[in-house]
Structures are given as structure tokens and as C-alpha cells.
Amino acid sequence: QFTGTLPTELSGLTSVQYFVLNDNEFTGAVPSSLSNITTFVSVNISKNNFTSVPTFPNVQYLTVHDNPIDFADLEQNTASKSYSYAPLDSVGDVRRILIEQQHTLEVIQPVGGSNNVYQWYKDGFALQGFTSDTLKIENITDTYSGKYHLKVTNPNYSVNIFSKPIYVTVTQPSPRVLDSLALVDFYNSTGGSNWTRDDNWLSSTPINQWYGVQVENDRVTRLILYRNNLRGQIPTSIKQLSEIKELTAYSNALSGNLPTEIGSLIKLERILLGENSFTGSLPASIGNLKQLNYLSLYKNGFSGSIPDEISDMNSLGILALQSNSFSGSIPSGLGQLTNLTQILLYSNQFSGSIPSELGNLSKLTHLQLYNNKLSGAIPSE
């Protein structure tokens, strides 16, 4: 079997009538200069790997099947008396694509021809709406992992052309990408377009240059947006900021509940969300934040009792929950948090007695409980 490409010097065979090269391993384009040979009567180049075929103006018997050519090649030779073109080999290259979720997949498989009809398939099933030579999927998810191919038909020819398979594997986005997506969601959920400052947000600028964002080792570690006209709710997607240490957004107009998902941010050291309009109860998941040393939620509309899980926050040094509508008893578990220096619970609706366990807090310098509904004697401890 012959291999390689056809030399252009073959155009010098000006007396040849029968040009037979079938059942070989020739590759590449058949030289266009062969169109100039007017003596050809029969050409058989079937069962090779030719990728394009020129016009053979005087050929009566043309056989080109089993080559990876397209309808544009077929359209050039419709004048042949006998024209054998089916089946055709698949076109393009086998491709393996690795792509992260939320990115855009775009695959182009050009197939020549003037009246082509396109249909993309995934794992053997037609994809509705994917009817061009381009497969484009935005915000891709892992459900799109699979084997793809393009089927091309043409009403003028009784043959199908298929692309070689395209294997797509959709992977979880990198932590850096998850961080950026979480920031975008935070921006949209809190009226970012109306912030006092939103320098570089939603731009292609690296996120460490977005106003209020601090990054260490390519991960978001601090989000500092106090007095910046934030309005709306903190989205649940904030859980993606798994390396964040500080969330500071006091003196804004944030509202709604503090999302339960905030309890998954176990590296948090500071939450400063005072002077907003939060409502609802403090989520029990707050107890997961064992590295948190400063929790400031003063001047909001929080209600309900302080969850018992707060006693698990061993690093807590400052607890500032004043000027809310918290009720119920003051948790005795606060007495286990031996790093507490300040407990500010005034101007709420706490009732019952002051827990004697607070006497265990040897580092405590500020205990402010006034303007509540507390009763009983002050513990001697």
C-alpha cells in the first residue's frame, strides 16, 4: 500500500486515461493541478485518506468513496456520468476536551457544501437546537460530559458525513474560579451596580484588584465592604469562599436572614455585619466557626434565642449582639468561651437570670446587659 501525499508532478501525465489509486493509504489533498489533465476518462481514488478532491471536468467514471471529503468536493464533480461517492469516511480529528464547569464549550467542525443540514449528537442522541457546524454550550455543567459527533446531510446527495468523535469531560471548577463566581453572585445579590465603590468588579481584572477583596495564595481571604451601600441579601453561594477569614460589611442595608451556609466558612476569624437590616434568628451553624474571634451583629433586627451551639466557638473574643430583638435566656455555655473579653448584649429582650457560668471568664473586661428583661440577683461569681 502506498502512503503519503500525491506529488504535483502527476499533472504531467497528459496522456493517461485511467487513473487508479484505490485501496491505499494516501493522505492530504488531491493536487488541484490534476484538473488540467483532459485525457482522464476514469478516476478511482476510493479507500484512501484524501481530504479534498479537485474538479475532474472530463471524467466519465469517478469513484471517491471511503475518503474523509465533504459535500463541497462532491459538488465539483456532478457532471460525471458515473459517480460513486458513498460511503464517506468521518471528517476532522478525534478530540478530547477537558473543561471546567461554568465555562463555555465551543467546538467548530467545518464541513463544506452549499446546502448542508447539521445535527450534533451526544452519546448517540440528537441535541435539540444544535444544528450548525458549531457546538457551543455556555455555563457548562458536568451533565454535558460525554461523546459528541456531528452528522451532516445534504439534500442533493444520498450520503451522510460524520465527524470523528469528540470526547468532552467537564470537571469541577478550580477553587479560584469558585471564589470568583461567588463574588459575582454576592455583587448581583447586594445591588453591586449601586455600590458606592465597585472598582474593577465583574471585569477581567484579577479579583485581588476588585474593591474590598483581599487574596492570599490565589484565594479570597477577606471581603471588606463597610459603608458601601450594599442592599439585598447575602447569597447562599458565599459558602464557596472556603478560605475567607474576614467578612466585613457593617453600616450598609443588608437584609433577610444570615444564611445557614455561613457556618461552612470554618476559617472565618471576623464577622462584622453591624448596622444593617438583618432579621430572623442566628443560625445554629454559627457554632461551626471555631476560629472566629469577633462576631459583631449589633443594630439589626435579629430575633429568637442565641443558639446553644455558640458555646462551641472556642476562639471567640468579642460577642457584640446589642440593639437587636434577641430573646430567651442568655446561654450558660458562654461561660465555656474562656477567650471572651467583651459580651455586649444590651438593648435586646433577654429574660431570666444572668448565668453564673459567666464568672469563669477571667479575660472578660466588658459585660453589658442593660435594657433587657433580666431578673434575679447578679451572680456573686
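The values are calculated or read from the model by the stated rules, or taken from the named source; none is laboratory data. All figures in this text were calculated on a predicted structure; none of them were measured in a lab. Here the Cβ positions follow ideal geometry from the backbone for every residue, glycine too, while neighbour counts run over all protein chains shown. Calculation scope for accessible area: heavy atoms of the full protein, side chains included, ligands and nucleic acids excluded. Shrake-Rupley method; radii C 1.70, N 1.55, O 1.52, S 1.80 Å.
Summary of values
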read-out	value
Odd one out for Asp308, checked against (1) out of contact with any strand residue (DSSP E or B) (no Cβ under 9 Å at 6 or more places or on another chain); (2) of a type outside the set (Phe, Trp, Tyr); (3) farther than 17 Å from Gly280 by Cα	(3)
Filter result for Ile343 (modelled with pLDDT of 95 or more, of a type in the set (A, V, I, L, M, F, W, C) and not in a strand (DSSP E or B))	no
Number of the condition not met by Asn339 [criteria: (1) in contact with a helix residue (DSSP H, G or I) (Cβ under 9 Å, 6 or more places away or on another chain); (2) touching a residue at least 40 places away in the same chain (Cβ under 8 Å)]	(1)
Selected residue (only one of Ser296, Ser315, Ser329, Ser311 is over 38 Å from the mean Cα position of the chain (by Cα) and either surrounded by fewer than 22 Cβ atoms within 10 Å (Cβ to Cβ) or within 25 Å of Ile224 (Cβ to Cβ) (or both))	Ser329
Output for segment 105-122, where each listed residue is within 26 Å of the chain's Cα centre (by Cα) and either modelled with pLDDT under 95 or aromatic (Phe, Trp, Tyr) (or both)	Trp120, Tyr121
Pick from segment 1-49, criterion assigned to a helix (DSSP H, G or I) and within 16 Å of Leu62 (Cα to Cα), ranking: least open to solvent (accessible area, probe 1.4 Å)	Leu34
Residue among Asn348, Asn360, Asn324 that alone is open to solvent by less than 40 Å² (accessible area, probe 1.4 Å), touching a residue at least 24 places away in the same chain (Cβ under 8 Å) and in contact with a Gly (Cβ under 9 Å, 6 or more places away or on another chain)	Asn324
Near pairs, Cβ below 9 angstrom, 6+ apart or cross-chain, from segment 291-311 (over 18 Å from Ser347 (Cα atoms)) to any residue that is open to solvent by less than 30 Å² (accessible area, probe 1.4 Å) and assigned to a strand (DSSP E or B)	Leu292/Ile271; Tyr294/Glu246; Tyr294/Ile271; Tyr294/Leu272; Tyr294/Leu319; Tyr294/Ala320; Ile310/Leu295; Ile310/Leu319
Some residue of segment 75-97 being closer than 30 Å to Asn208 by Cα and not small (Gly, Ala, Ser)	yes
Answer from Tyr167, Tyr211, Tyr187 - the residue that is at pLDDT 95 or above, touching a Leu at 6+ places or on another chain (Cβ under 7 Å) and of a type in the set (Ser, Thr, Tyr)	Tyr187
Filter result for the condition that a residue is within 21 Å of Pro173 (Cβ to Cβ) and surrounded by fewer than 19 Cβ atoms within 10 Å (Cβ to Cβ), over Ser242, Ser251, Ser277, Ser255	Ser242
Qualifying residue in segment 236-249 (condition: among the hydroxyl-bearing types (Ser, Thr, Tyr), touching a Lys or Arg at 6+ places or on another chain (Cβ under 8 Å) and under 24 Å from Tyr346 (Cα atoms))	yes
Which numbered condition Val94 fails, given (1) among the hydrophobic types (A, V, I, L, M, F, W, C); (2) farther than 30 Å from Asp179 by Cα; (3) surrounded by 18 or more Cβ atoms within 10 Å (Cβ to Cβ)	(3)
Leading residue by the ranking (farthest from Thr153 (Cα to Cα)) among those in segment 56-82 that are touching a helix residue (DSSP H, G or I) at 6+ places or on another chain (Cβ under 9 Å) and open to solvent by less than 50 Å² (accessible area, probe 1.4 Å)	Phe56
